[in-house]
Structure formats: structure tokens, C-alpha cells
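I have placed the structure first, in the form of C-alpha cells, so that the comments after it can refer back to it.
The values are calculated or read from the model by the stated rules, or taken from the named source; none is laboratory data. Just so it is clear, the model here is predicted, and its values are computed rather than measured. Here the Cβ is made from the backbone with ideal geometry for all residues, glycine too, and neighbour counts use every protein chain on show.
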Amino acid sequence: MSKVIIIGPGHPLRGGLATFNQRLAKEFIASGHECSICSFSLQYPSIFFPGKSQYTDEPAPEGLVIRSLVNSINPLNWISVGNKLRNEKPDIIVVRFWIPLMGPALGTILRRVKKNKHTKIICIADNVIPHEHRPGDTTFTSYFLKSCDAFITMSEKVMADLRLFQKSKPGKIVQHPLYDNFGSPISKDAAREKLKIKNEELIILFFGFIRHYKGLDILLHAMADERIKKAGIKLMIAGEFYEDKRQYLDLIDQLKIKDQLILRTDFIPDSEVRYYLCAADAVIQPYRNATQSGVTPLAYHFEKPMVVTNVGGLASLVPHEKVGLIAEPTPQAIADAILRFYQLGENYFIPHLRTEKQKYSWANLVNAVLILVGREK
């Protein structure tokens, strides 16, 4: 048995990173290890946080120890937290890295921990080169990465980016596990009844935080395609704006597509996620650039076909014309793919989804961590 600490967001912080960390902690515990989460007392100063709230109103996950310790902007805190974790002597620290802004805090904490000459530090890197660039990114990222012993990425793209900074430290690529903690799939009819959507409508789903790199504006242009309009296809947008929403609302008015949209642009709590996935015919990710996406494992779990753009690591996760369709990130190509999806029909993809999803287990991720620290089963 190993003593494991995950450093990264956890309850009461909300969002995909917290959900991932909590599910991973449960897998470590189920595998016979001791595991807790070291989360943030202050993750982002409000000036840097684009959403409405960083916190969830939902209850804490049962059976997990989550400590809100790290203040991302207070160097004295970094030293004290680093000293605390050093003295606790965990066998393994699994640290999440998703944005350079966290580099100074996490890098300093980990340098203090390493003084115990015992703890192995494994980084799960969601991004190494960020989607949106800011001054200091390269310096902060380099400082953080030097404090880690080994790395896990969830796409070849992120591993390639990592190797620009760290050429020789051990690393493994592990597919993003399925989010299986949002409940079991329910029928489309039941999900649509919950969301007050008509059963007969053709609905594709854009799910998650709305940011420029996710290409919602490209998708809106695709929805204005006369073929899409004639087919009666609707787009449900479920997720909070993480940038000025006016530009999107103005575009909707300009394209005259308001009646083709179902807008649910508030934060979607975990307890409601399955209704949106299960209500849709397919999930669409029209990204401009991407490393990997937490939406893809959601779609796999709820057995929803995907339309994704041929950028970053997305296409490698979605075998074309098996579990979904790959399109170039242009309005016409995306419209073509949406129409092709309805030509094939949702049921065409289900057997392939059920076969492919077997690759994406949390046990694979736990075992990868243990292999990198020499404690594999």
C-alpha cells in the first residue's frame, strides 16, 4: 500500500479538474492505497477567473479527505504547505498541471517536498503549452516541470509539448479515463422530459465552458448552413461563458439562427450533467485547437457519437465513422459532418462506442502512476 496525495482542485471547487481528481482518488483507494487531495484555499484571484463562481453548492464526495491548503498567489503559503507535505512523507504525490499560472506555487511546494528524499512526484499534465498565451508562460512552466520526477499526459500532443521542456524524464501516455461518476445513462425521452425538450427534435450538443479555442463561433456559422436549417437540426449549448457572451449573442442575431438554438448557458452542476448528454443525438466539439478534452470521455460514458474537429489530440480519440466523425475546423466541413451523422443515424455508432470505451479505465491511470514510481502491481 502506498500513501498518495493528489495536488489539484477538489471540493468545494467545481469543474472538470475537481471531478477528475476526486474520481482518481477513489480509484487509488479502491486499489488498496491511502489517498487524499490537497486542494486550493485560493485557486484563482477573481480577476483571473472568467466564470461566475469557482465553487459548487453540491455536497462533498463521500469517503474522501480533501484539504483546502494552497493559496496560488501567496509565496509564504507555498513554503508552509511544502513543508507540511514534506513532513507527511507521502510515497507518491500526483500533481495536476493545466495552466502556467500555477507553476510558481506548485513548483515551490514540490521543491520543499523533495527535501524529504522519499516522495516521488508524478505530474498529470493536461496542458503544457496553454491554449491562451500570457507573459511568463514559458518561465512558469519550466520552473514547475523541473520539480517533477515523471509525467503522464493524456494525448500525444501534450507529450510532444512536454518534450520541448523535459527531454529525458520518464513519461507515459494514458487515455483520459471515462467520467463514470455522473450516474448511469437514462433514456433520451426521460432526459428530454427533464429538460423540457420535445422528443421529436434533432439535437446536437455543445457541452462545457465556452472559450474562444473551443470554436463555438465556427459551429454557429455551421448552423447557419441552409442544409442544416432545412433539416431542422437544433444545437443545444450547455455551459457557462468564460469570456464576453455578447460577441456570441450578436453573432446569433447576425446569422438569424436563434430559433435553431437551445441555450442553457449557466454552469451545469454534476447532478444534471447526464440529462444533457442523454438528451442529445450527438456531442459536437468544433475546437480550433485542443490537447485532449474531458467532454470526449463523457460522450463515451453516455454512449453518444461525436463530431470533432481534426485538431490536437481530438481525432485520435474518435475513430472516424465508427464512434463519430472527424471534420476540419471550418463551418462547411462541420455542417457536412453533422449531416453525415444524421445520414448514418445514431444507432450506427453505438456498437463501436461500446467496444472502444473499454480502453478508458481509471485502473489504467492508477497503474501508470505506480509503474512510473516503481510500485506497479
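Just a few scattered comments:
- Residue check, V323 under 15 Å from L216 (Cβ atoms) and surrounded by 24 or more Cβ atoms within 10 Å (Cβ to Cβ): no
- Some residue of segment 236-252 being closer than 19 Å to T330 by Cα, part of a loop (DSSP other than H, G, I, E, B) and modelled with pLDDT of 95 or more: no
- When segment 258-282 is filtered for residues that are small (G, A, S) and either modelled with pLDDT of 95 or more or in contact with a Ser or Thr (Cβ under 8 Å, 6 or more places away or on another chain) (or both), the ones remaining, listed by number, are A279, A280, A282.
- G8 of a type outside the set (A, V, I, L, M), closer than 26 Å to Y179 by Cβ and in the same structural domain as G136 (by TED's automatic domain parsing): yes
- Among the residues listed as V308, V366, the single one being closer than 22 Å to F28 by Cα, buried (at least 19 other Cβ atoms within 10 Å of the Cβ) and modelled with pLDDT of 95 or more: V366
- Close pairs (7 angstrom Cβ cut-off, 6 or more residues apart or separate chains): within 20 Å of L251 (Cβ to Cβ) in segment 310-335, among the small types (G, A, S) and in a helix (DSSP H, G or I) anywhere: A327/A333; A327/A337; P331/A222; I334/A222; A335/A222
- Out of N364, N347, sole residue that is out of contact with any Ser or Thr (no Cβ under 6 Å at 6 or more places or on another chain), of a type in the set (S, T, N, Q), under 27 Å from S184 (Cβ atoms) and without any contact (Cβ under 8 Å) to a residue 12 or more places away in the chain: N347
- Among the candidates L255, L202, residue that is modelled with pLDDT of 95 or more and in contact with a strand residue (DSSP E or B) (Cβ under 9 Å, 6 or more places away or on another chain): L202
- Members of segment 253-269 that are in a helix (DSSP H, G or I) and among the aliphatic types (A, V, I, L, M): L255
- When R288, R274 are checked against the criterion of being assigned to a helix (DSSP H, G or I) and either farther than 14 Å from I338 by Cα or without any contact (Cβ under 8 Å) to a residue 40 or more places away in the chain (or both), R274 stands alone in meeting it.
- Of the helices (runs of 4 or more DSSP H) contained entirely in segment 75-164, those carrying at least 2 residues that are under 25 Å from G374 (Cβ atoms) and more than 22 Å from the chain's Cα centre (by Cα) fall at 75-88, 103-113.
- Residue in segment 108-115 that is out of contact with any Phe, Trp or Tyr (no Cβ under 6 Å at 6 or more places or on another chain), closer than 21 Å to A363 by Cβ and at pLDDT 95 or above present: no
- The residue of segment 236-266 that is surrounded by the most Cβ atoms within 10 Å (Cβ to Cβ), among those that are among the hydroxyl-bearing types (S, T, Y) and under 21 Å from G16 (Cα atoms), is Y242.
- Any hit, segment 68-87, residues being within 23 Å of H176 (Cα to Cα) and at pLDDT 95 or above: no
- Criterion (under 17 Å from A280 (Cα atoms), in contact (Cβ under 8 Å) with a residue 12 or more places away in the chain and part of a strand (DSSP E or B)) met by exactly one of F182, F206: F206
- Out of V311, V307, V323, sole residue that is more than 20 Å from P177 (Cβ to Cβ) and touching a Pro at 6+ places or on another chain (Cβ under 7 Å): V311
- Within segment 152-171, the set of residues being buried (at least 17 other Cβ atoms within 10 Å of the Cβ) and over 19 Å from T108 (Cβ atoms) comprises I152, T153, M154, S155, K157, V158, M159, D161, L162, G171.
- Matching option when the condition is of a type in the set (A, V, I, L, M, F, W, C) and touching a helix residue (DSSP H, G or I) at 6+ places or on another chain (Cβ under 7 Å), among I326, I371: I326
- Those residues of segment 236-271 which are touching a residue at least 60 places away in the same chain (Cβ under 8 Å) and aliphatic (A, V, I, L, M), in sequence order: I262, I268
- Of the helices (runs of 4 or more DSSP H) that lie entirely inside segment 295-377, those containing 3 or more residues that are farther than 30 Å from K169 by Cβ and in the same structural domain as D225 (by TED's automatic domain parsing) span 295-301, 331-344, 346-356.
- Qualifying residue in segment 29-36 (condition: of a type in the set (S, T, Y), outside the structural domain of E240 (by TED's automatic domain parsing) and not in a strand (DSSP E or B)): yes
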